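Report on one structure; see the data block that follows.
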Amino acid sequence: MRKLFVILSITTLAAVIIIATFWIPILWSLVVVIPIILLGISDISQTKHTLKRNYPVVGWGRYLLEDLRPKIYQYFIESETEASPISRMYRSIVYQRAKKALSTNPFGTKVDVYQEGYEWANHSMNPLEHHQLNNHPRVMVGGSDCTKPYNSSILNVSAMSFGALSNRAILALNGGAKIGGFAHNTGEGSISPYHIEPGGDLIWQIGTGYFGCRNSDGSFNDDLFAEKATQENVKMIEIKISQGAKPGHGGILPAIKNTKEIAGIRHLEPHTTVMSPPAHKEFSNPPEMLEFIKKLRRLSGGKPIGFKLCVGNKLEFTDVCIAMQTSGIKPDFITIDGGEGGTGAAPLEFSNSIGMPLREGLAFVADQLRGYNLKKEIKIFASGKILTGFDMFRAFALGADSCYSARGMMLSLGCIQALECNNNNCPTGIATQQQHLIKGLVVADKEKRVANFHAETVNSFVEFMGATGVNDLSKIKRHHVYRRISQTEIKTYAEIYPQVQFGEYV
C-alpha cells in the first residue's frame with residue numbers, strides 16, 4: 001500500500017511538473033495575447049481610421065512613430081543650428097548659463113558666416129574693460145505724467161500667465177526675478193498668489209478679457225483694477241493689444257487648464273475653454289485708447305502704463321502717434337512683440353503667417369516715435385526670441401530700451417522644448433496643470449537658475465557692448481550691426497532700416 005502511495009505521489013508530481021512546464025507559460029501568454037486579439041477586433045470594427053481597419057494592431061505603429069518623431073529628431077537627428085523654434089545651440093547656452101556651467105565653445109563657430117542672413121557686430125580696436133562699463137545697466141520708465149516711475153532691468157520675464165504655466169513655474173520665475181532684481185510680466189491671466197508670494201517686481205498685463213479686473217459680462221471693473229494695481233509688487237501695467245504669435249486672435253485657455261483655482265483668479269467659469277476676444281471693449285480707436293491709459297494711470301496711483309502690440313497695419317500706429325500729439329496723453333512704454341514670438345496655443349496660420357517680425361516692427365515704431373517727437377518720454381521694450389547678449393544688442397541698435405524673454409526663461413526653468421504646451425502634458429511641469437507633473441519642478445532650485453540666466457545673459461551683453469567700444473546703451477546705433485545680403489554684399493542696419501530724425505514728421 002505504501003509503495004502504491006509513493007508511485008501515485010511521484011506520478012502526480014510528474015504530472016504537475018509537466019503541466020507547469022507546458023501549460024502555465026501558455027496561460028501566462030494569454031495575458032498578452034487576449035488584449036491584442038481584443039484590440040484587433042476593435043480596430044476592425046471601428047470606422048474612423050482606415051489604416052487601423054486595414055491593418056489591425058500593426059496600424060498603431062504609425063501613430064506611435066508619429067508621436068515619437070519630434071523627440072527622435074530633436075535628440076538624434078537635428079543639427080546644432082537648424083532646429084526650430086529654438087535650435088539646440090541656443091537651448092544649450094541657456095541651460096549652461098542657468099546652471100552656471102561652462103558656456104564657452106571649442107573649435108570655432110558652428111554658424112555659416114557666408115550664409116545669406118548672417119548677422120554680426122564689428123569690434124573696436126580699443127575694446128572697453130569691465131571697470132569702464134556699467135555691469136548692471138537699467139532704464140527708468142515713466143513720462144511726465146507718471147508719478148511713480150520704475151527703474152527697470154534691461155532684461156525681464158516676458159508675459160506668461162498662470163494657467164498657461166503651472167503654479168510652481170510662476171513661483172520660480174517670480175522668485176528668480178526677486179533674486180536677480182528684474183521684473184516678471186504676469187501675462188493676461190491676472191495676478192495670482194504665486195506672483196505675489198516670492199516678492200519679485202511685477203508688470204501686470206491687462207488683456208482683452210480683463211482677467212482679474214472684469215465684471216461678469218467681461219467689461220472692465222475700475223475697483224478691481226485699482227485694488228490690484230496699487231499693490232506694492234506691481235510696478236507697471238501693460239495693456240495687451242496683440243501678441244506676436246497670434247496677433248488679432250486673442251488668447252486661448254483650454255478647458256483642461258481652466259481649473260477652479262485659475263477660474264477664481266480670472267473671475268471665470270471653471271473647466272470651460274476661454275477665448276479672449278481679439279479686440280478691447282473699452283476702446284476702439286487711438287483717442288479712446290489713450291484715455292484708457294490715462295484712466296489706468298490714475299487708478300494705479302501714477303504708475304507707468306504702456307501697451308504691447310505686434311505691428312500690423314502701419315497707418316494705425318501712425319494714427320496712435322498723431323493722437324498722442326493731439327491729446328498730449330502718452331503711454332510710458334510700448335512693448336513690441338515680433339511675429340516670431342512664442343505661445344502655448346495658437347492656430348498655425350496665425351503663428352506662421354500674420355504679424356510683422358520683431359526687427360521690422362521695432363525699427364518702425366522707434367522711427368515713428370522719433371519722427372513725431374515722442375521718443376523722449378516713451379521707452380520701448382522688445383520681445384521675440386531674445387536669448388543671448390547679441391539678441392539684446394541687436395534690439396537696442398534698432399531702438400529698444402529694454403528686453404523681454406519668455407522662452408529663454410522657460411528653458412532656464414528646465415523646458416526641453418517637448419512642444420506639449422497646448423495639451424497639458426508638459427513633462428517638465430512648466431506648461432501644465434497636472435499635479436503629478438508639476439511636483440517634479442523644485443522651485444528652490446529653478447528660481448536660482450532663472451536668476452543665473454538673467455545675470456549671465458546681461459553680463460554677456462555688457463561684454464559684447466564693450467567689445468564694440470560702446471560704454472552706454474544710448475550709444476548703440478544701427479550702424480553697429482551688419483547683415484550679409486548675399487555672397488558679395490553686406491549692409492549695416494543703418495542702411496537696411498534708415499533712421500528717422502527727431503521731429504521729421506512734425
At pLDDT below 95 and out of contact with any strand residue (DSSP E or B) (no Cβ under 6 Å at 6 or more places or on another chain): is that true of Asn313 in this structure?
yes
Quick check: is even one residue across region 153-168 at pLDDT 90 or above and part of a helix (DSSP H, G or I)?
yes
Single residue of region 227-260 satisfying the filter (touching a residue at least 40 places away in the same chain (Cβ under 8 Å) and part of a helix (DSSP H, G or I)) that is nearest to His280 (Cα to Cα)
Ala229
Which fully enclosed helices (runs of 4 or more DSSP H) of region 2-97 have 3 or more residues being modelled with pLDDT under 70 and among the small types (Gly, Ala, Ser)?
2-45
Residue ID - farthest from Val139 (Cα to Cα), chosen from residues in region 232-274 that are surrounded by fewer than 20 Cβ atoms within 10 Å (Cβ to Cβ) and under 19 Å from the mean Cα position of the chain (by Cα)
Pro254
Among the candidates Gly212, Gly175, Gly207, single out the residue that is out of contact with any Gly (no Cβ under 7 Å at 6 or more places or on another chain) and within 27 Å of Val443 (Cβ to Cβ).
Gly212
Taking strands (runs of 3 or more DSSP E) that fall entirely within region 308-422, which contain at least 1 residues that are more than 30 Å from Pro287 (Cβ to Cβ)?
402-405
Can you tell me which of Val139, Val113 is in a strand (DSSP E or B), in contact (Cβ under 8 Å) with a residue 24 or more places away in the chain and aliphatic (A, V, I, L, M)?
Val139
Taking the options Glu377, Glu447, name whichever one is among the acidic types (Asp, Glu), more than 22 Å from Glu119 (Cα to Cα) and surrounded by fewer than 22 Cβ atoms within 10 Å (Cβ to Cβ).
Glu377
How many residues, within region 304-314, are closer than 15 Å to Leu290 by Cα and not small (Gly, Ala, Ser)?
5
Would you please name the residue that is farthest from Glu420 (Cα to Cα), looking only at residues in region 279-291 that are surrounded by 14 or more Cβ atoms within 10 Å (Cβ to Cβ) and in contact (Cβ under 8 Å) with a residue 60 or more places away in the chain?
Glu282
Might you check whether a residue that is hydrophobic (A, V, I, L, M, F, W, C), at pLDDT 90 or above and in a loop (DSSP other than H, G, I, E, B) occurs anywhere in region 205-226?
yes
Looking at region 456-468, is at least one residue in a loop (DSSP other than H, G, I, E, B) and loosely packed, with under 15 Cβ neighbours inside 10 Å?
no
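The values are calculated or read from the model by the stated rules, or taken from the named source; none is laboratory data. This is a predicted model, so every value here is computed, not measured. A quick note on method: Cβ atoms are made from the backbone with ideal geometry, for glycine too, and the neighbour counts reach across all protein chains shown.
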